[in-house]
Amino acid sequence: MHPWNEPILQSLAERAATLPHAMLIHGRQGVGKLALAERVAQLLLCEAESGAKPCGRCDGCRWFLAGSHPDLRRLEPESLAKETEPEEGEPAPARKTAKPSTEIKIEQVRELAGFLNLRSHRGRLRVALVHPAEDMNPNAANALLKGLEEPPADAVFLLVAHRPAQLLPTIRSRCVALAVPVPPRPAALDWLAEQGARNPERWLAYAGGAPLRALEYAANGEVLERLLQRPMPVDNRDELEALADALQKIALDRALGAMGLPPKYQTGTIGRDPAKAREWLAYARSMVERRLLSRHPLNPKLFSAEMLANLPSK
């Protein structure tokens, strides 16, 4: 787990016996929410009596670390799910030809309901980790809501969300929210330096202070610099969301400059001009929807050309 989130884990560990049946762990993408949620799940499944932190030595911890704890289930889109190696002697799974889904589907939630209504294998809690929770499609979200409204005994839901506002209000109301803030800048820069990130200050600013996101940007720095310096239509669907992200950050920095404020993402700025500020803000808002649409099968070149055609003039 990341060092800046240790105090949050410590606070949860001190009241582990009274934690709610459902928590919504939310914050900016790239601040370590998933690693925190995984650590909380391990804490709940740890069979040691200390309670201060997972011991790492008991059967529960060993199974958790091996990814095979019988009382833990993860709900993630296929595109994020980790591939598991077949056991010795087992046939390799058939290779999938279709593009992995970016949604959490209702079938996954139904399987989870069956798991939660069984008795715990270890006589303790059963934990469901949903990540990112906003990636549930409408049917899956409604199915999960039923479990949250009438939670099985000894079941805990850990929902991780980058954009909690996209969740159903009824789901949010049945969870206790746990905000994970952006870490202090010195701590983030120290961690990025330990990871060997190039130009950490540049990419931490571009990531809005989120260190894990900054590390991803630094690893893809050459492509991003090209998109920022000379935005052009892309042929590669994998670059489409990166282009939409870059255009949104450019627009927000230009809007801030037009309002006489310093840029947030360090993509450049313009002179003060209130009328231009409104224009750039409207474009930035449109990029929110475009970023979501860019995940779906589209013609990348046409879609990116349309985004660039609407870019306000400087």
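The values are calculated or read from the model by the stated rules, or taken from the named source; none is laboratory data. Remember, predicted model here, so these are calculated numbers, not experimental data. Cβ: placed from backbone, ideal geometry, glycine included. Neighbour counts: every protein chain shown. For accessibility, only protein heavy atoms count, side chains too; no ligands or nucleic acids. Shrake-Rupley method; radii C 1.70, N 1.55, O 1.52, S 1.80 Å.
What to note about this one:
- Residues in region 45-65 that are open to solvent by 10 Å² or more (accessible area, probe 1.4 Å) and either touching a residue at least 24 places away in the same chain (Cβ under 8 Å) or polar (S, T, N, Q) (or both): E47, S50, G51, A52, K53, D59.
- Filter result (under 19 Å from P181 (Cβ atoms), in contact (Cβ under 8 Å) with a residue 40 or more places away in the chain and open to solvent by 10 Å² or more (accessible area, probe 1.4 Å)) within region 31-44: L34, E38
- Residue among A188, A141 that alone is of a type in the set (A, V, I, L, M), free of Cβ contacts under 8 Å to residues at least 60 places away in the same chain and farther than 26 Å from A17 by Cβ: A141
- Filter pass, E279 being of a type outside the set (F, W, Y), open to solvent by 60 Å² or more (accessible area, probe 1.4 Å), touching a residue at least 24 places away in the same chain (Cβ under 8 Å) and more than 19 Å from E225 (Cα to Cα): yes
- Some residue of region 249-257 being in contact (Cβ under 8 Å) with a residue 40 or more places away in the chain, open to solvent by less than 80 Å² (accessible area, probe 1.4 Å), part of a helix (DSSP H, G or I) and under 13 Å from G30 (Cβ atoms): no
- Test: residue in region 274-282 that is more than 19 Å from R237 (Cβ to Cβ), in a loop (DSSP other than H, G, I, E, B), among the basic types (K, R) and over 27 Å from the mean Cα position of the chain (by Cα): no
- Conditions (1) modelled with pLDDT of 90 or more; (2) assigned to a loop (DSSP other than H, G, I, E, B); (3) polar (S, T, N, Q); number of the one not met by S313: (1)
- Among the residues of region 66-85, those identified as in a loop (DSSP other than H, G, I, E, B) and either surrounded by 10 or more Cβ atoms within 10 Å (Cβ to Cβ) or at pLDDT 85 or above (or both) are A66, G67, S68, H69, P70, D71, E76, P77, E78, S79, L80, A81.
- When A155, A140, A165, A161 are checked against the criterion of being under 18 Å from L24 (Cβ atoms), open to solvent by less than 20 Å² (accessible area, probe 1.4 Å) and under 17 Å from the mean Cα position of the chain (by Cα), a single residue qualifies: A161.
- Any hit, region 20-30, residues being over 26 Å from L145 (Cα atoms), touching an Asp or Glu at 6+ places or on another chain (Cβ under 8 Å), free of Cβ contacts under 8 Å to residues at least 40 places away in the same chain and in a loop (DSSP other than H, G, I, E, B): no
- Residues of region 283-310 satisfying the condition of being within 11 Å of L247 (Cβ to Cβ), out of contact with any Lys or Arg (no Cβ under 9 Å at 6 or more places or on another chain) and not in a helix (DSSP H, G or I): N310
- Test set (1) part of a helix (DSSP H, G or I); (2) open to solvent by 30 Å² or more (accessible area, probe 1.4 Å); (3) touching a residue at least 40 places away in the same chain (Cβ under 8 Å) - D245 fails condition number: (2)
- Criterion (more than 18 Å from W203 (Cβ to Cβ) and in contact (Cβ under 8 Å) with a residue 40 or more places away in the chain) met by exactly one of R291, R272: R291
- Selection count, region 168-179, where residues are open to solvent by 20 Å² or more (accessible area, probe 1.4 Å), over 17 Å from V40 (Cα atoms) and of a type in the set (A, V, I, L, M): 1
- Hits in region 197-242 (condition: touching a Lys or Arg at 6+ places or on another chain (Cβ under 8 Å), crowded, with 18+ Cβ neighbours inside 10 Å and in a loop (DSSP other than H, G, I, E, B)): A207, G209, A210, V234
- Of all residues in region 6-29 being crowded, with 21+ Cβ neighbours inside 10 Å and more than 25 Å from R122 (Cβ to Cβ), the one that is farthest from the chain's Cα centre (by Cα): L24
- In region 290-305, residue surrounded by the fewest Cβ atoms within 10 Å (Cβ to Cβ) [restricted to those that are closer than 21 Å to T267 by Cα and not aliphatic (A, V, I, L, M)]: R291
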